[in-house]
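Let me begin by presenting the structure, written as structure tokens, before commenting on it.
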Amino acid sequence: MDLKQLFEKAVADSKNLATRPDNETLLQLYALYKQATEGDLNSEPPSNPFDFVAKAKYQAWSGLKGKSTEDAMTEYANLVTKLQNS
């Protein structure tokens, strides 16, 4: 199975986890997914200072700047596997 197929399987598997991951893990999954599918974040931070969810998502994704698509896909798949086995 190549990396893209492994990543796509992990994305599907992430929707069927036995338990819902904590918020920090969900942010990590979000950021890795966005980095893997869209690359580096290139938009302005959220303008509403009280939109804490958007701000957290922005910070999580921007923290991965420079990470390659392949590395993000691999880390995403590994994290989903870890969550499935816990």
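Coordinate-derived values only; no laboratory data. None of the values given here were measured: they were computed from a predicted structure. Heads up, the Cβs are rebuilt from the backbone with ideal geometry, glycines too, and the neighbour counts pull from every protein chain shown.
Against the main long axis of the alpha-carbon atoms of the chain, helix 23-38 sits at an angle near 90°.
Subtracting the Cα-Cα distance of Ser62 and Gln84 from 0.36 nm times their residue separation leaves 5.3 nm of extension gain.
Relative to the longest principal axis of the Cα atoms of the chain, helix 52-62 runs at roughly 70 degrees. Output the 0 to 90 degree angle, nearest 10, between the alpha-carbon long axis of helix 3-14 and the longest principal axis computed from the alpha carbons of the chain. Result, in degrees: 80. Within 10 Å of each candidate Cβ there may be at most 14 other Cβ atoms; applying that plus a DSSP loop requirement, which trypsin sites (Lys or Arg not before Pro) in the stretch 9-86 survive? Listed in order of number, the matching sites are Lys15, Lys65.
Taking every DSSP helix (H) stretch of at least 4 residues in the chain, weighting each as -39,500 (n - 2.57) and dividing the sum by the residue count yields a mean residue ellipticity at 222 nm of -20500 deg cm²/dmol. The base-10 log of I(q)/I(0) for the stretch 1-57, evaluated at q = 0.21, 0.26 Å⁻¹, reads -0.94, -1.14 [Debye formula, identical scatterers on Cα atoms, solvent excluded]. Annotation note: chymotrypsin sites (Phe, Trp or Tyr not before Pro) in the stretch 4-54 located in DSSP loop regions with a Cβ neighbour count of at most 16 within 10 Å are Phe50. Note on the stretch 3-84: Lys pairs 8 or more places apart or on different chains, Cα atoms under 18 Å apart, count 14.
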